[in-house]
1. Can you find a residue that is modelled with pLDDT of 85 or more and more than 19 Å from MET41 (Cβ to Cβ) anywhere in region 117-140?
2. From the residues in region 80-116 that are among the aliphatic types (A, V, I, L, M) and not in a helix (DSSP H, G or I), which one is modelled with the highest pLDDT?
3. Just name the residue that is most open to solvent (accessible area, probe 1.4 Å) out of those in region 1-35 that are of a type in the set (D, E, K, R) and in a helix (DSSP H, G or I).
Amino acid sequence: MIAFAISMDAFSLGIGVGMVGIRLREIIKVSVTIGLFHVGMPLAGIVIGIYLTDMIGDIAVIVGGIILMFIGLHMLWNGFFRVEEKSIMQTKGLGLFMFAFSVSLDALSVGFSFGLIEVNKLLAVAMFGIMGGLMTGFGLLLGRTVGGWLGEYSEVLGGLILFAFGLKFML
């Protein structure tokens, strides 16, 4: 249940990113990357959570919100001003890393708490990765379909979605 709840952010944000238009090969790459981040972040959280739960938990959410707001603003800028360069929400390099990192920060926070309680950590982390990857893929596919309907306004709507989620993380 926690893995599903954690992956809903990746699904929702995947819809926003998918609206820009993304090929099936890129959807697979992004989904696998986010799935791996959904494994690595809780593992890191478990280790860190043993030592620093109270200090780091709020900072992780704020950093994730700032990153999502930045990506959303960049997409809005590109949508309104039709910048010819590719959006920062790329499916490679820094754009992919930033996206995967930001949607996996909540998994890091859950990992903090898992470091303090008795839970099957291997099963939990595996489920985080599987659900994160699958839900990202579903969100990207849905976003790609909706983006096709919206045409040139899809990047603006995707940017608004990412910005709103970033703001939600901050509040």
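1. There is at least one residue in region 117-140 that is modelled with pLDDT of 85 or more and more than 19 Å from MET41 (Cβ to Cβ).
2. In this case the residue turns out to be LEU116.
3. If we take residues in region 1-35 being of a type in the set (D, E, K, R) and in a helix (DSSP H, G or I), then ARG25 is most open to solvent (accessible area, probe 1.4 Å).
The values are calculated or read from the model by the stated rules, or taken from the named source; none is laboratory data. All values reported here derive from a predicted model rather than from experimental measurement. Cβ coordinates were reconstructed from backbone atoms using ideal geometry, including for glycine residues, and neighbour counts include every protein chain displayed. Accessible surface areas use protein heavy atoms only, side chains included; no ligands, DNA or RNA. Shrake-Rupley method; radii C 1.70, N 1.55, O 1.52, S 1.80 Å.
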